[in-house]
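One structure below.
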Amino acid sequence: MKTEKVKNDPLFHVSKNDNLPRWKAMLIRAGAVLVALVICGIMSVILIKENPFKIYGTMITGAFIDIWTLLKDIAVLLMFGLAVIPAFKMKFWNMGANGQVLIGCLCAIACMKFLAGKVPNVVLIILMVVTSIAASVIWAVIPAIFKAFFGTNETLFTLMMNYIAIGIVAYFSFSWSDGSGTIGLVNYIGSKNYMAGWFPNIGNKYVMIILIALLVDAFMFVYMKYTKHGFETALVGESVNTAKYVGINVKKVIIRTLILSGVICGIMGAMFAGSLEHTVNTSICGSKGFTAILVAWLANFDPLMMLFTTFFVVFLQTGAENVSTVFQLKSTDYSNIVVGIIFFCIIGCEFFIRYKIMPSQRLKDILSGKKTRSAEKKEEA
Amino acid sequence: MSKEIALELKNITKSFGRVVANRNVNLTVYKNEILSLLGENGSGKTTLMNMISGIYFPDEGEIFVDGKPAVISSPKDAFGYGIGMIHQHFKLVDTFTAAQNIILGIKNEKYNIKLVNSRVREIAEKYGFDIDPKKKIHEMSVSEKQTVEIIKVLYRGANILILDEPTAVLTPQEIEKLFAILRKMRDDGKSIIIITHKLNEVMEISDRVSILRKGEYIGTVNTCETTEKQLTEMMVGKQIELKIDRVKVESTKPLLEIRDLVIRSDDGSKAIKNVSFYIRGGEILGVAGITGCGQKELCEAIAGLRKVESGFIMHKGESIVGMPPKLIIEKGISMSFIPEDRLGMGLAPSFSITDNMMLKTYGEGKTPFVNRQAAREKAQALIEKLEIATPSTETPVRRLSGGNVQKVLVGREIDANPNVIVTAYPVRGLDINSAYAIYDILNEQKSKGVGILFVGEDLDVMLALCDKILVLCHGEVMGIVHAAKVTKDQLGLMMTGAVNLTELQKEKNFGIAKDSNLTETEWLNAANEQNGGAENEN
Ligand SMILES: Nc1ncnc2c1ncn2[C@@H]1O[C@H](COP(=O)(O)OP(=O)(O)OP(=O)(O)O)[C@@H](O)[C@H]1O
Ligand SMILES: [Mg+2]
């Protein structure tokens, strides 16, 4: 007779589940946030010895202290997100939004620097937008061409393009700084033309980017869902073989889609130069090009969902920063921990959305106080 | 003889959202037997087997192995119980050798390739497999890959083997060989569950047959006490009559004329050598040949997906050689090649049925927008016509059962109103009811004057359905015969190259239509152009 090793049955069964109703998925996500808040609460008691509820209150009020800044930050992140989703939908992992925006911004600033006072302002602004878009498109299309014709890995390629862009910007933002000492500032305050090339304000400085982001969002929604181009993009992402079979020119689609990404990045770059920052430096994009990836995934590459995910992410970041200020913490480390924990829980809960977890017979037996099967087996042996 | 129960399923239920794939299914498998699992497309066969092999976990019900309750929550658990499954879609690492694939993932297995190789050879010898453990997967044919999958399972000591539609991708000779192996395994005490839609195979190989209908268990019969007719009735739930007609249609001028065609395969060798034939409107031309005789390359070349080395493909007198696939589709030439991996070419798995319906037509219309409403209506019509089992038109194709996936593909091709249909293995994996529905559709198209090139495997079907049959062997035409005047044996001899009718009829201008769309001088001009072009290139 075989001597069987008694192995305990597992407590849970995990199985794939790809038709969870939407509301249930939302409920799971809400639950994840709740869990995150509890963990953060415990952390705050341990680390900074503060009442967690006071902290959360500060986060919420903090995020809404300056509504316009909040909306602007959302709009900017949204633009980055919108720039990456068409490519992502095509399974082209564009990690280079930062570089694409930077290089566009640099070109717009170059226009400001060298043409200020020499051409009428309207012409200057048009030139800024055009060169910015052109530069971003070039930056986005180079990896696309290599991918389309030589099958190079786009993730590494776009990432490297970021570093090149940063290097170029670092060089010029220093050498163009007019000796004012402020690295990156081009037409320094007080000089004759220092406002040349500034975009006009609608209401206030932030309204324009917010409107643009909303427009681009609406455009992308329609583009991806209802247009022939969007259909082709999705099909290439789904199966290159099938796309070829139905007669789609895959190379063309890859390049066209990255041109679109480039255009959006170019608009963003021009907005940084002409409206938001009036300068260029290597940290202008922060980590937005990467946060955008998170935002895009959370939204499942859906531009409408992305309105919510960008709001959520920006809200968290702003709120957590405010906590550092209000509670006079020495650094932003604590707020980073809070944001990290919440992100972790949100992303982690996707597991529970994609998979179904069911208690096994053994767990049911244990819970109802019955003898488990493996215990029986053990007795037998 | 008292039989020992190897595996027993009791009241198994499994649903996917609102779709109940299995409802209260009971199944018993004995040792020393081959059990066939029969059911229409989408009746839940694959789902049920996936639960035994640890891919899915049942919502309700129990599984007993050797009389003891078993909890199978992963394929590894299944191996622990001596259960192994050979899936329809192989799961092998292309760049690894057979032996490497076989031991992949076994815990505590010392990587001693010599030992593995000799054990693999031992298993192969015992059951009569042909295998070279050192051969890389990407160099293998489909049937060799299947062999690796089977040995992989045996290597792990499986006593219960599940094969999901293993014969769908094999040639008749390969099927014979597989069956011989299965019988040997049965006599060795193993239990085998085999899924197939071909009733003659069910009758030939199995000891008992269990039938599922719409997710429910209908019953089990002993193979020796049943008939194909009874099985069909149990499967469909009503009496049906199955026959293939050869509709008589007044055939028209040649629609597609192919002359002296040479095509290279992926590895650079000539896949099609100087092939000439033509298809008229209102005619079904069958293409018979063993796997790898060049049918795939021929289909791809006609659809513009493969480069033509030399020769002509004339559509209504106009050359389509070198045209982009999109233009060829617009000319009304539809190609549906059902590959071994069904989802590979022609469908987008995560797209809805609606979106898949418009894969070839989304570009129609002048607006930049796709017309999803029209596609949805077409999808709805197709679902009704071919009885596709799906909750809605918006269900992703990936969630459909194998056969239903295929109905979407074939249905779409025919829906596009083509004037030439090139279709390869359109009924691969379809239940017989659906297969006959496809034959009817092809006949319907033929009556409308469409020219059809039908690449098939089942010679009986080809003899009944086609007007003429072209036989290929190693890329060469062995003959084009009238289906009514030829026998299965003759075809078989031609397929293996033993008989070559073209030799006998050489002077009769083989494969060249007398009423060609082009005059002799036009053909000559075309030939000169091609040669001239080639010279200029050099
Ligand atoms: N992962 C899934 N998600 C949702 N529905 C599914 C899934 N897998 C199978 N189904 C549904 O369950 C039913 C049974 O499917 P199954 O694949 O078991 O059929 P089958 O008998 O193997 O059919 P075929 O002969 O066509 O292969 C089908 O209606 C199918 O649409
Ligand atoms: Mg199946």
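Structure data summary
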item: The one condition in (1) part of a loop (DSSP other than H, G, I, E, B); (2) more than 16 Å from ligand 2 (Cβ to nearest atom); (3) open to solvent by 20 Å² or more (accessible area, probe 1.4 Å); (4) not aromatic (Phe, Trp, Tyr) that B:GLY54 fails to fulfil; result: (3)
item: Of all residues making up segment B:238-277, the number that are in contact with a strand residue (DSSP E or B) (Cβ under 6 Å, 6 or more places away or on another chain) and free of Cβ contacts under 8 Å to residues at least 40 places away in the same chain; result: 1
item: Within segment B:413-501, helices (runs of 4 or more DSSP H) holding 2 or more residues that are closer than 21 Å to B:LYS248 by Cβ and modelled with pLDDT of 85 or more; result: B:432-447, B:459-465
item: Boolean, B:PRO69 is in a loop (DSSP other than H, G, I, E, B), more than 10 Å from ligand 1 (Cβ to nearest atom) and within 13 Å of chain A (Cβ to nearest Cβ); result: no
item: Condition met for B:VAL397 (among the aliphatic types (A, V, I, L, M) and away from ligand 1 (no atom under 11 Å from the Cβ)); result: no
item: Top-ranked residue of segment B:315-336 - restricted to ones that are open to solvent by less than 40 Å² (accessible area, probe 1.4 Å) and outside any loop (DSSP other than H, G, I, E, B), ranked as nearest to B:VAL410 (Cα to Cα); result: B:SER336
item: Selection status of B:ARG372, surrounded by fewer than 17 Cβ atoms within 10 Å (Cβ to Cβ) and not aromatic (Phe, Trp, Tyr); result: no
item: Scope segment A:108-132; condition in contact (Cβ under 8 Å) with a residue 24 or more places away in the chain and either at positive phi or open to solvent by 40 Å² or more (accessible area, probe 1.4 Å) (or both); matching residues; result: A:LYS113, A:LEU115, A:GLY117, A:ASN121, A:VAL129, A:THR131
item: Any hit, segment A:226-238, residues being modelled with pLDDT under 85 and more than 21 Å from the chain's Cα centre (by Cα); result: no
item: Segment A:209-258: number of residues that are farther than 25 Å from B:MET335 by Cα and not in a helix (DSSP H, G or I); result: 1
item: So A:VAL216, is it in the same structural domain as A:ILE85 (by TED's automatic domain parsing), modelled with pLDDT of 95 or more, open to solvent by less than 70 Å² (accessible area, probe 1.4 Å) and out of contact with any Asp or Glu (no Cβ under 8 Å at 6 or more places or on another chain); result: yes
item: Flag if B:LEU37 is within 15 Å of ligand 1 (Cβ to nearest atom) and either among the aliphatic types (A, V, I, L, M) or part of a strand (DSSP E or B) (or both); result: yes
item: Matching residues in segment B:170-202 - criterion: being open to solvent by less than 10 Å² (accessible area, probe 1.4 Å) and either among the hydroxyl-bearing types (Ser, Thr, Tyr) or in contact with a strand residue (DSSP E or B) (Cβ under 7 Å, 6 or more places away or on another chain) (or both); result: B:LEU182, B:MET185, B:SER191, B:ILE192, B:ILE193, B:ILE194, B:ILE195, B:THR196, B:VAL202
item: Positions within segment A:17-44 being open to solvent by less than 60 Å² (accessible area, probe 1.4 Å), away from chain B (no Cβ under 14 Å) and without any contact (Cβ under 8 Å) to a residue 60 or more places away in the chain, in sequence order; result: A:ALA30, A:GLY41
item: Condition met for B:ALA271 (farther than 25 Å from B:GLU503 by Cβ and aliphatic (A, V, I, L, M)); result: no
item: Pairs with Cβ under 9 Å, 6+ apart, first in segment A:349-360 and within 11 Å of another protein chain (Cβ to nearest Cβ) and over 14 Å from A:ALA30 (Cβ atoms), second part of a loop (DSSP other than H, G, I, E, B) and at pLDDT 85 or above; result: A:LYS356/B:PHE57; A:MET358/B:PHE57; A:MET358/B:ASP59; A:SER360/B:PHE57; A:SER360/B:VAL71
item: Some residue of segment B:173-192 being in the same structural domain as B:THR28 (by TED's automatic domain parsing), within 16 Å of ligand 2 (Cβ to nearest atom) and in contact (Cβ under 8 Å) with a residue 60 or more places away in the chain; result: no
item: Test: residue in segment B:43-55 that is more than 16 Å from ligand 1 (Cβ to nearest atom) and more than 26 Å from B:VAL427 (Cβ to Cβ); result: no
item: Failed criterion for A:THR69 (all others in (1) of a type in the set (S, T, N, Q); (2) in contact with a Pro (Cβ under 9 Å, 6 or more places away or on another chain); (3) assigned to a helix (DSSP H, G or I) hold); result: (2)
item: Pairs where the first residue, in segment B:307-324, is within 14 Å of chain A (Cβ to nearest Cβ) and the second is open to solvent by less than 20 Å² (accessible area, probe 1.4 Å) and assigned to a loop (DSSP other than H, G, I, E, B), C-beta under 7 Å, 6+ apart; result: B:PRO324/A:GLY247
item: A:LEU316 being over 30 Å from A:LEU127 (Cβ atoms) and modelled with pLDDT under 85; result: no
item: Matching entry among A:ILE293, A:ILE259, A:ILE254 (being in contact with a helix residue (DSSP H, G or I) (Cβ under 7 Å, 6 or more places away or on another chain) and farther than 30 Å from A:VAL207 by Cα); result: A:ILE254
item: B:SER206 being among the hydroxyl-bearing types (Ser, Thr, Tyr) and under 30 Å from B:HIS315 (Cβ atoms); result: no
item: Subset of segment B:388-409 [away from chain A (no Cβ under 14 Å) and more than 16 Å from ligand 2 (Cβ to nearest atom)]; result: B:THR393
item: Failed condition for B:ILE63, given (1) in contact (Cβ under 8 Å) with a residue 40 or more places away in the chain; (2) open to solvent by less than 30 Å² (accessible area, probe 1.4 Å); (3) part of a loop (DSSP other than H, G, I, E, B); (4) over 25 Å from B:PHE179 (Cα atoms); result: (3)
item: Pair list, Cβ < 8 Å and 6+ apart or interchain, from segment B:396-409 residues that are open to solvent by 10 Å² or more (accessible area, probe 1.4 Å) and in a helix (DSSP H, G or I) to residues that are more than 8 Å from ligand 1 (Cβ to nearest atom) and aromatic (Phe, Trp, Tyr); result: none
item: Tally, over segment B:1-47, of residues that are basic (Lys, Arg), surrounded by fewer than 23 Cβ atoms within 10 Å (Cβ to Cβ) and within 14 Å of chain A (Cβ to nearest Cβ); result: 2
item: Boolean, A:PHE312 is crowded, with 21+ Cβ neighbours inside 10 Å and either away from chain B (no Cβ under 13 Å) or without any contact (Cβ under 8 Å) to a residue 40 or more places away in the chain (or both); result: no
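The values are calculated or read from the model by the stated rules, or taken from the named source; none is laboratory data. It should be emphasised that the depicted structure is a prediction, and the values quoted were computed from it without experimental measurement. Neighbour counts run over all protein chains shown; Cβ positions are idealised from the backbone, glycine included. Remember, those area values only see protein heavy atoms, side chains included, never the ligands or the DNA or RNA. Shrake-Rupley method; radii C 1.70, N 1.55, O 1.52, S 1.80 Å.
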